[in-house]
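Comments concern the structure below.
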Amino acid sequence: MQIRRMTESDRAELNELYLASWKAGYKGLLPQDFLDELTAERWEGKFLDEGSFVVVKDGKIVAHCHARAADEPKMRGWGEIHTMYTHPDYWERGYGSAVFEQAEKWLSEIGFDDVYLYVLEGNERAKRFYNAHGYLPNGDTLCCDIGGVIVTDYRYVKRL
């Protein structure tokens, strides 16, 4: 297993990882017709910056985490785990934890003491993962329109 920064040449493979992750991870949580219509191009051009890390196993990208300075005005001065996905074929093997911990380490190195992320309502797998890494909900919510349905994300926070 290798953990490294994402590169331009990773884009197509990363897009496919996201597609597989969304279709499996959000099944029953997001509208099925929305998931059925998703294509890998949805993620084209995203995440290529210094806070984007991948795990490579046997020459294949199996996990990705994107960290950044908080995008929300309310959270200025915080770090954010913007995205965190592992290919479903590699769930629960430690690859997600490895890349997630690398992203947290990077956020700490660039000066963030507090970090937040969002968890989709009903996503019990994600809740367990983030709780195991010390994140707890703080009561903040974010509502989004996904496929014509309003869904709720819960903010989870941690002090590094």
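Residues whose amide H comes within less than 5 Å of that of Leu120, counting only those at least five positions distant or on another chain, are Tyr154 (H built at 1.01 Å from N in the peptide plane). In angstrom, the C-alpha Rg and Dmax of segment 49-88 are 12.6, 41.
In terms of the mean number of neighbouring beta-carbon atoms within 10 Å, the peptides 103-116, 130-143 order highest first as 103-116, 130-143.
From least to most packed, judged by other beta carbons within 10 angstrom and beginning with the fewest, Met75, Met1 follow the order Met1, Met75. Helical runs (DSSP H, four residues minimum) scored at -39500 (n - 2.57) apiece and divided by the length of the chain put the mean residue ellipticity at 222 nm at -8500 deg cm²/dmol.
Cross-link partners of Lys27 among lysines, defined as those whose alpha carbon lies under 28 angstrom from its own and excluding same-chain residues fewer than eight positions apart: Lys46, Lys57, Lys60, Lys127, Lys158. Using Cβ point charges alone (K and R +1, D and E -1), the dipole size of segment 2-159 about the Cα centre works out to roughly 460 debye. By the count of neighbouring beta-carbon atoms within 10 Å, fewest first, Lys27, Lys46, Lys158 end up ordered Lys27, Lys46, Lys158.
Values in this text are rule-based calculations from the coordinates and carry no lab data. What you see is a predicted model; the values in this text were computed from it and never measured. Counting neighbours? That spans all protein chains shown, and the Cβs are built from the backbone with ideal geometry, glycine included.
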